[in-house]
Every structure is written in structure tokens, then in C-alpha cells.
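Structure, as C-alpha cells:
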Amino acid sequence: MHKTTDTYPLSEFRRNTSEHVARISEGAIETITQNGHAAMIVMSPERYDFLVHAAERGHIWREAIRAYRAGARGVPAREAIQEIADELGIEL
């Protein structure tokens, strides 16, 4: 989880890049400021992929709920779970 204490000025990030990269590699997300304002968010590629995937999943769930409320038939739970497991490379 990102905390406001994980905010650093760009000058600090430049001086101690390797320390920042070590924290980010362990899953930290840092806000880098420039002239006192947030300029960028720095995170690992894995964390970024996770966040993008979660956002996409949220969109899919919203669409599924909308379709269900509109009367569309769903997919059997076992089939849906298997499809998600296949997508994530998980063996059930």
C-alpha cells in the first residue's frame, strides 16, 4: 500500500537512486516531487502490471454485473473459475 511517507523530492531520488530502486523492487511505490508538487509515481513493472490487471478485472466485473441485471445468463462457476485459473497460469 502506498503511504504519504513514501514521498521524496527528485533531488533525493537522484542522490540515492539505488536505495529507492531496492525499495521499489521489494514492492514499494514512491511519489517523487518536483518544486513541492507530485511529479511522478515510481513502481516496479510487476506492481504496475498488477494494478493494470486489477483495473481491467474491475471493468470486467462491472460489465458482468450490468449484464446480469439486464437478464443475461451467466457462465457456470466451475467454468468461470477454470478460465481465470488458465489465464493466471494456475493449475487446479
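What follows draws every value from the coordinates through simple rules; no lab data is involved. None of these values were measured; they are calculated from a predicted model. All Cβ positions, glycine included, derive from the backbone under ideal geometry; neighbour counts span all protein chains shown.
Details
- When the residues of segment 8-57 are filtered to those that are surrounded by 14 or more Cβ atoms within 10 Å (Cβ to Cβ) and of a type in the set (S, T, Y), the one that is nearest to L88 (Cα to Cα) is S44.
- For segment 73-89, residues that are in a loop (DSSP other than H, G, I, E, B), under 26 Å from D49 (Cα atoms) and more than 25 Å from the chain's Cα centre (by Cα) total 0.
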